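Q: Here's a structure for you.
The values are calculated or read from the model by the stated rules, or taken from the named source; none is laboratory data. Since the model is a prediction, treat every value here as computed from it, not as a measurement. Every residue, glycine as well, gets a Cβ built from its backbone with ideal geometry; the counts of neighbours run over all protein chains shown. Surface accessibility is based on the protein's heavy atoms, side chains included, excluding ligands, DNA and RNA. Shrake-Rupley method; radii C 1.70, N 1.55, O 1.52, S 1.80 Å.
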Amino acid sequence: MNLNLKAKINKQSWTRYWDSLKYSLYVLTHPFDGFWDLTHEKRGTLAAANTLLILTFMTNLWNLRFESFLFNATRWERINIWSQILGILAPLLLYVVANWCLTTLFDGKGRMKDVYMGMCYSLTPYILIMNPVTIISNVLTKEEGAFLAYFEVIALVWAGAWILISVMQIHDYSLMKAILAIAFSVVGMMIIVFLIMLFFSLVSDAVLFFISVGKELIFRFN
């Protein structure tokens, strides 16, 4: 491939990525238009969505590590980073799968990719609020800590509201239908977890059965 052409393609890819990442700020302030254009007008990218998810991981770890000890009794040396990451990633992926499976049965317009991007872009308020909260916590007194709790609630409620709007816009649902879709997606998540546990339980039982049969055969032929 011509080097100039390759460089041009790489530049276009980076420009596309950067524009889609900056688009999260537009979604933050214009959620209805933002989430509609995110998927229907191809304004979002998986690369930007993955970046926002990684920033969410980093924000959570940053908060656990650097929030003032007055408001966070967690001991950093006892924290398992991978369990913290899994604690965010597993519910998110379970929700994406459950929501996509459910909405495909009820005229949902979004693809699994769209649901995933909608979730990741909805995390923008959490990222933008919690990082400053972590810094501010180190200059507040115990009595002033209530302000931190307010901002933490705002971050979570804001992100939750944007998830609801993303379902409405991505699947072209009404408000009530979007609420029901999220509620049944949560039920679907529990069903998926149950099926996964049941599968591994059956596999474990099958493995133990064959091991016991093998030991019995070895014992008899010896």
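Q: Considering the options 156, 129, 110, tell which one lies farthest towards the positive end of the dipole of segment 15-173, charges being +1 on Lys and Arg and -1 on Asp and Glu at the Cβ, about the Cα centre.
A: 110
Q: Would you work out the charge dipole size for segment 21-73 about its Cα centre, treating the Cβ of every Lys and Arg as +1 and the Cβ of every Asp and Glu as -1, and quote it to the nearest 20 debye?
A: Details: 4 positive and 4 negative charges, 31 e Å.
Charge dipole, segment 21-73, about its Cα centre: 140 debye, nearest 20.
Q: Calculate the spin-label point distance for residue 15 paired with residue 113, positioning each point 7 Å from the Cα along the beta-carbon direction, and give it in nanometres.
A: 2.1
Q: Another question about this same structure. Dipole size in debye (nearest 20) for the chain around its Cα centre, Lys and Arg Cβ +1, Asp and Glu Cβ -1? Let's see the in-between values first.
A: Numbers: 17 positive and 14 negative charges, 156 e Å.
For the chain, the charge dipole is close to 740 debye.
Q: Using only protein heavy atoms and a 1.4 Å probe, report how much of residue 193 is accessible, in Å² to the nearest 10.
A: Accessible area, nearest 10 Å²: 60 Å².
Q: If I ignore ligands, DNA and RNA and count only protein heavy atoms, how much of residue 151 is accessible to a 1.4 Å probe, in Å² to the nearest 10?
A: Residue 151 exposes around 100 Å² with every protein chain in place.
Q: Relative contact order for the chain: what is it in percent, counting Cα pairs under 8 Å that are at least 6 residues apart?
A: 25
Q: Still on this model: Specify the inter-centroid distance of segment 180-211 and segment 53-111, based on alpha-carbon positions, in whole Å.
A: 21
Q: Here's something else I'd like to know. Using a 10 angstrom cutoff on alpha carbons, build the Gaussian network for the chain and name the most mobile of 139, 115, 153.
A: 139
Q: Can you sort 67, 216, 41 by 1.4 Å-probe accessible area, starting with the largest?
A: Numbers: 67 20, 216 80, 41 110 Å².
Result of the area sort, largest leading: 41, 216, 67.
Q: Once the piece of chain linking residue 42 and residue 195 is laid out straight, how much longer is it, given 0.36 nm per residue of separation minus the C-alpha distance between them? Write down the numbers at each step before the final one.
A: On the way: separation 153, 0.36 × 153 = 55.08 nm, distance 3.43 nm.
Gain in length upon complete extension: 51.7 nm.
Q: On average over all directions, what projected area in square nanometres does segment 109-167 have, based on the convex hull of its Cα atoms? Each step should come with its number before you reach the end.
A: Numbers: hull surface 16.0 nm².
The number I arrive at for segment 109-167 is 4.0 nm².
Q: Let me ask another. Over the chain, what lengths in whole Å, largest first, do the semi-axes of the equivalent ellipsoid take, defined as the square roots of 5 times the eigenvalues of the alpha-carbon gyration tensor? Write out the running numbers ahead of the final one.
A: On the way: eigenvalues 265, 156, 96 Å².
After scaling each eigenvalue by five and taking roots: 36, 28, 22 Å.
Q: Which helices of the chain meet both criteria: a Cα extent of 20 Å or more along the helical axis and a mean Kyte-Doolittle score no lower than 0.0, with helices taken as whole DSSP H segments?
A: Numbers: long enough: 3-29 (40 Å, -0.52); 46-66 (29 Å, 1.06); 81-105 (37 Å, 1.61); 146-171 (38 Å, 1.69); 175-221 (69 Å, 2.07).
Qualifying helices, which must be both long enough and hydrophobic enough, are 46-66, 81-105, 146-171, 175-221.
Q: Hey, rough spin-label estimate for residue 33 and residue 84, points 7 angstrom out along Cα→Cβ, what's it come to in nanometres?
A: With each label placed 7 Å out from Cα toward Cβ, I get 3.8 nm.
Q: Still on this model: What accessible surface, in Å², does a 1.4 Å probe find on residue 113, ignoring ligands, DNA and RNA and rounding to the nearest 10?
A: 90
Q: Now a separate question. What FRET efficiency, computed as 1/(1 + (r/R0)^6) with R0 = 35 Å and r the Cβ-Cβ distance, is obtained for residue 203 and residue 151, rounded to the nearest 0.05? Intermediate results must be reported in sequence, preceding the final value.
A: On the way: r = 45 Å, r/R0 = 1.29.
Once rounded, the FRET efficiency stands at 0.20.
Q: Related question: Considering only protein heavy atoms, with the full assembly of protein chains and a 1.4 angstrom probe, order 101, 120 by accessible area, largest first. Intermediate results must be reported in sequence, preceding the final value.
A: On the way: 101 60, 120 0 Å².
Output order, biggest surface exposure first: 101, 120.
Q: Give the calculated FRET efficiency between residue 104 and residue 183 to the nearest 0.05, with a Förster radius of 22 Å applied to their Cβ-Cβ distance. Before the final figure, lay out each step's value.
A: Working: r = 17 Å, r/R0 = 0.77.
Plugging the Cβ-Cβ distance into 1/(1 + (r/R0)^6) gives 0.85.
Q: Show that you can apply the helix-only estimate: for the chain, add -39,500 (n - 2.57) for every DSSP H stretch of four or more residues, divide by all residues, and state [θ] at 222 nm to the nearest 500.
A: Values: 8 runs with 180 residues, N = 222.
So the calculated ellipticity at 222 nm is -28500 deg cm²/dmol.
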